[in-house]
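The values are calculated or read from the model by the stated rules, or taken from the named source; none is laboratory data. Being a predicted model, the structure only gives us computed values, none of them experimental. Note that each Cβ is placed from the backbone with ideal geometry, even for glycine, and that neighbours are counted across all protein chains shown.
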Amino acid sequence: MLIALFAILLAGAVSAQDVYVGMYILNLGKFDVATGSFTADFYLSMKCPDECASTNFANFEFMNGRAASTDKIIDTPNEKFYRIQANLNSPVDLKRFPFDTQQMQIIIEDKENPIDKIKYVPMKTDTGIDKSIAFTGWDINGWKASMNEHEYPVYDEVYSQYIFSVDISRIRINAFIKTFLPVIFIVLIVLFTFLMDPDKIVNRITLLSSSFIAVVMFHVSISNQIPPVGYLTFADKFMVLTYFVLLVSFVINVILLELLERKKLELLEKVHRATEYSMFVLVPLLYVNLFAVLM
């Protein structure tokens, strides 16, 4: 009786099997911002520090995608080594678009054994990214490997997950030139109209109207680069500020036109002088404040 009780206690005291996991990325496919999908080609190493309690310690699956091909290179009782090509996806955060940063994640989890039987341990020695990887349009800022506990409340079980994350960010100079530089030139053209004499007010309003249409069309083209989201991106906030600047400019010009038609030339000249150069100071300050606060 005592022996049986001791055996039960001993069985309950057995700790989870530590499985050391390493991942070496050979290639990364195009990251689709619309869906967060990408492809990955990598080596996956799984080892037991001592003798594995189970020969089925490498019965894993991908939690954020599926393997397109799996080639087993090493298959011993204590070590499994694979070459895998997988189609995966990760959450996308576009709040700072076009200066956004994203995480490309590869998440694996055991199919059958909860964390009290198998626990993944990141292995730094067999983990990394190949230096030859060229990821068009993005900068690779680094990587990290971690273990996460994935709880299933419905089944009252917790599983160990191995997560390999690659941090990427858009190339800022390209993002600035393609997204903001055209709008900045349009705003500069609008600002230079304030140097025109008040008797050219009709020409100023015509130029302002054309600029407003150009900005709206450019905003539409920017929005088409990303999927619909339930929040304003940095590019959207930049464009909202641009609309505000154009609206204020339009109101000032309408006021000047009204004063000109009413022959209030003295007041017209005062308003013109007050806005002629001050707009060159106030408008850039607004944009600098936007970048300082939101970047």
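Points worth noting:
- Residue list for region 192-230, restricted to those being more than 17 Å from N253 (Cβ to Cβ) and among the β-branched types (V, I, T): V216, V220, I222, I226, V229
- Members of region 176-192 found to be within 18 Å of the chain's Cα centre (by Cα) and surrounded by fewer than 20 Cβ atoms within 10 Å (Cβ to Cβ), listed by number: F176, K178
- Every test in (1) under 12 Å from the mean Cα position of the chain (by Cα); (2) not in a strand (DSSP E or B) is passed by M104 save one, and that test is (2).
- Count - residues of region 118-132 that are of a type in the set (D, E, K, R) and in contact with a Ser or Thr (Cβ under 8 Å, 6 or more places away or on another chain): 2
- Test for Y277: is it surrounded by fewer than 16 Cβ atoms within 10 Å (Cβ to Cβ), at negative phi and touching a Lys or Arg at 6+ places or on another chain (Cβ under 7 Å): no
- Residue list for region 59-95, filter: farther than 30 Å from I222 by Cα and among the hydroxyl-bearing types (S, T, Y): S69, T70, T76, Y82
- Annotation: of all residues in region 214-252 being of a type in the set (V, I, T) and within 14 Å of V187 (Cβ to Cβ), the one that is surrounded by the most Cβ atoms within 10 Å (Cβ to Cβ) is T242.
- The single residue among F280, F212 that is of a type in the set (F, W, Y) and either more than 30 Å from L94 (Cβ to Cβ) or outside any helix (DSSP H, G or I) (or both) turns out to be F280.
- Residues that are in a loop (DSSP other than H, G, I, E, B), surrounded by 15 or more Cβ atoms within 10 Å (Cβ to Cβ) and either over 28 Å from the mean Cα position of the chain (by Cα) or acidic (D, E) (or both), drawn from region 54-89: S54, F57, A58
- Boolean, R96 is surrounded by 14 or more Cβ atoms within 10 Å (Cβ to Cβ), touching a Leu at 6+ places or on another chain (Cβ under 9 Å), in a loop (DSSP other than H, G, I, E, B) and not assigned by TED's automatic domain parsing to the domain that holds F238: yes
- Qualifying position, being under 30 Å from H219 (Cα atoms) and among the hydroxyl-bearing types (S, T, Y), among T125, T101: T101
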